[in-house]
């Protein structure tokens, strides 16, 4: 009895501390806790499935790591040295990636802009046109590539039969280097141009009609109105679209895999397909990781370059 | 203000009487757009047409726009050649789970980033957002390696889990956050005064409000999973576990030459449900992509 007595105030003191810290935290503390609980799945998922793999890809790229041979040896920068000095394919891959991107981005963005301008009118049936141009966007890349591969077959493919009608002797599209690259670019543009089109269309519809009307009342011809009013107001959207299309042009795996598998003679072997080829055909995941790191830096560099030049080039920014 | 605009409107857009001439004015543009439509719509038509042809008829010269007779047997053979129905089901259930998971994860975090103040909020937000600029292919190799270590190769688990936490989900989170930032918080404050818990506010007030943006996320995420190709190719090689993307590619003979008529029949079957939903809910689908496209 006497021994328990001194303990009593002690335990009540602990209970008081508990009440202060846990049972009755401040409203702000409770809010923070709730906030952390809500973001926890996303943040932990990001850590486990994005951030740690990203760190791992850097680590792998410094190893001789092969799934078939079972090697896991640190080799420093050897993969990168091989990449830039002895690998005969890597310069070809970089050149192809550059050609693909430089071909695709301007074609996609300008066609999307033209279509958006054409549909941003009061013409009857423009919603039907919009739906048609957008349909390939929701179609799977695999299905789109399968159908185009079918149509691009050598002599008897649909495309060449149509060309024959107008007297053009079409090439064997997917089996000749130049035509293969051209075909891959154009069919990819056809698949995705609808996305940029609707984004531009939404931006065009946000431009107050008063502005364009006022400029035409002031005597500007349509081209001047476009150049001086529409284009500057569209610039922020255009800018983001170019960036997103650029990054997207690096991610054409399904398209290449189904249409050409990087051929003929590596003419359409772009970086993303080369990564797959080295990593999952040759199982040299160390070397493939070095390639993936290159892809990462290309995307990073392009993004940073865009955000800096945006400040210079885009006039009106919210 | 409105009254001022009315005469102006009638002057610019004359009534029904002049509509004949107005239609003529649009004719050149209409014809140009019609021609532009061909490479977008013709692949679909040619695919369906090919799906009903015999192998010999596919490359007939001159081409038959319509097959001589409807060869329904291509569709039957597509199901017999490989477990196509199974592949169809795999794609469907994976896409449903990915969509549900993404909705749960992204709506919780999107709401929290918009409405709740907590330390490190903006740091965490920017950190997550930076994943949007990174192609998923950068991390596919380590993810493949880790899944091998966990013995999850040749299961559907990677195909379900990776998208739920990957860039698509972070884009969804961003979209939901933007929605709540633009939406007045009065309703939620009223609910708080009425004594609803934080969770109650999120679940019973905020989520119902966010229905439009959640619908947009549902559409884009479902298609993202349904159309995925690299992940299934990398993580699955058991024929029973194939998804549609792998299945379509697999209609080949032993030399790797496509069995065109079966492939086209199967491709048609894979696209038709999506296209039907698209035609019915066209405006909704397009708006979903437009809203998720405007990120800048």
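Points to keep in mind about this one:
- Top-ranked residue of the range A:160-174 - restricted to ones that are part of a helix (DSSP H, G or I) and crowded, with 17+ Cβ neighbours inside 10 Å, ranked as farthest from the other protein chains (Cβ to nearest Cβ): A:173
- When the residues of the range A:98-116 are filtered to those that are within 10 Å of chain B (Cβ to nearest Cβ) and crowded, with 16+ Cβ neighbours inside 10 Å, the one that is farthest from residue B:22 (Cα to Cα) is A:111.
- Selection count, the range B:274-290, where residues are crowded, with 16+ Cβ neighbours inside 10 Å and over 21 Å from residue A:141 (Cβ atoms): 1
- Just one residue in the set A:184, A:137, A:193 is at the interface with another protein chain (Cβ under 7 Å from one of its Cβ atoms), part of a helix (DSSP H, G or I) and buried (at least 17 other Cβ atoms within 10 Å of the Cβ); that residue is A:137.
- Answer from B:66, B:124, B:120 - the residue that is loosely packed, with under 15 Cβ neighbours inside 10 Å, without any contact (Cβ under 8 Å) to a residue 12 or more places away in the chain and either in the same structural domain as residue B:273 (by TED's automatic domain parsing) or farther than 30 Å from residue B:246 by Cβ (or both): B:120
- Matching residues, the range B:265-274, being farther than 18 Å from residue B:242 by Cα and either within 10 Å of chain A (Cβ to nearest Cβ) or not in a helix (DSSP H, G or I) (or both): B:274
- Beta carbons closer than 7 Å, at least 6 apart along the sequence or on distinct chains, pair a first residue in the range A:207-232 that is closer than 18 Å to residue A:112 by Cα with a second that is exposed (fewer than 12 other Cβ atoms within 10 Å of the Cβ) for A:232/A:315; A:232/A:316.
- Checked against (1) in a loop (DSSP other than H, G, I, E, B); (2) more than 10 Å from chain B (Cβ to nearest Cβ), residue A:277 passes all but condition (1).
- Just so you know, in the range A:257-274 the residues that are part of a loop (DSSP other than H, G, I, E, B) and either within 12 Å of another protein chain (Cβ to nearest Cβ) or closer than 21 Å to residue B:248 by Cβ (or both) include one that is nearest to the chain's Cα centre (by Cα), and it is A:270.
- Residue check for residue B:177: closer than 17 Å to residue A:38 by Cβ, surrounded by 18 or more Cβ atoms within 10 Å (Cβ to Cβ) and in the same structural domain as residue B:141 (by TED's automatic domain parsing): yes
The values are calculated or read from the model by the stated rules, or taken from the named source; none is laboratory data. Since this is a predicted model, take the numbers as computed values, not measurements. FYI the Cβ positions are ideal-geometry reconstructions off the backbone, even for glycines, and counts take in every protein chain you see.
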